[in-house]
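Quick notes on the structure that follows.
The values are calculated or read from the model by the stated rules, or taken from the named source; none is laboratory data. In this text, all values refer to a predicted model and were calculated from it rather than measured experimentally. Please note: Cβ atoms are built from the backbone with ideal geometry, for glycine as well, and neighbour counts cover all protein chains shown. Accessible surface areas use protein heavy atoms only, side chains included; no ligands, DNA or RNA. Shrake-Rupley method; radii C 1.70, N 1.55, O 1.52, S 1.80 Å.
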Amino acid sequence: ANEDARAAWEWLADKHPGQPRYIFGHSLGGAIAIELASVVADEAGTIVEGTFTSIPEVVGTTKWGWLPVGPLITQRFDAVGKVAQVGSPLLVVHGSRDTLIKPELGRRLFEAARDPKVFVLVDGGSHHNTNALGQSQYRTAITALFGLP
């Protein structure tokens with residue numbers, strides 16, 4: 001998945017040279033977005049929604065958290081360990097009612113990042129409707145963080 005993201009990033013640069021490019025990822029895609037943003041230097045900004053710190057921490061916040069699955073997970077998707085290497089402005093969005101990826105994991109990811117950064121908690125947002133529900137909050141944050149209209 002990380003190799004695919006890098007290939008897509010380079011393809012986009014070839015197709016639209018000189019244009020600003022932003023990285024976006026939702027849920028597991030957010031961890032891949034953080035990974036990509038931590039290794040490329042030409043992104044204008046990064047946005048993640050409903051994203052987590054690492055797979056073991058997601059498991060730890062679910063009803064199955066008592067299972068010792070950490071050692072069994074081959075893809076840990078350790079976003080929290082890489083987010084400080086993201087060199088672009090970072091927008092972290094989470095729904096307050098996300099029961100799949102708890103909002104505190106998004107908040108922890110945000111706290112581990114360096115400035116400039118913004119955290120948006122969409123009131124009532126679930127894991128699947130936060131984007132639609134939080135459109136005005138998205139617009140405000142994108143304008144403030146990326147200077148986009």
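Quick notes on this structure:
- Number of the condition not met by SER54 [criteria: (1) open to solvent by less than 20 Å² (accessible area, probe 1.4 Å); (2) touching an Asp or Glu at 6+ places or on another chain (Cβ under 9 Å); (3) at pLDDT 95 or above]: (3)
- So ILE101, is it of a type in the set (A, V, I, L, M, F, W, C), in a loop (DSSP other than H, G, I, E, B), closer than 23 Å to LEU36 by Cα and open to solvent by less than 50 Å² (accessible area, probe 1.4 Å): yes
- Matching residues, segment 3-37, being under 14 Å from the mean Cα position of the chain (by Cα) and open to solvent by 20 Å² or more (accessible area, probe 1.4 Å): ALA5, TYR22, PHE24, HIS26, SER27, LEU28, GLY29, ILE32, GLU35
- Here LEU90 passes the criteria (1) surrounded by fewer than 17 Cβ atoms within 10 Å (Cβ to Cβ); (2) at pLDDT 95 or above except the one numbered (1).
- Residues of segment 124-144 that are touching a residue at least 40 places away in the same chain (Cβ under 8 Å) and under 15 Å from the mean Cα position of the chain (by Cα): HIS127, THR130, ASN131, TYR138, ALA141, ILE142.
- For the condition at pLDDT 90 or above and surrounded by 15 or more Cβ atoms within 10 Å (Cβ to Cβ), PHE77 does not qualify.
- Filter result for SER96 (modelled with pLDDT of 95 or more, among the polar types (S, T, N, Q) and in contact with a Leu (Cβ under 8 Å, 6 or more places away or on another chain)): yes
- Contacts under 9 angstrom Cβ, first residue in segment 105-123 being surrounded by fewer than 17 Cβ atoms within 10 Å (Cβ to Cβ), partner of a type in the set (D, E, K, R) and in a loop (DSSP other than H, G, I, E, B), 6 or more apart: ASP123/ARG97
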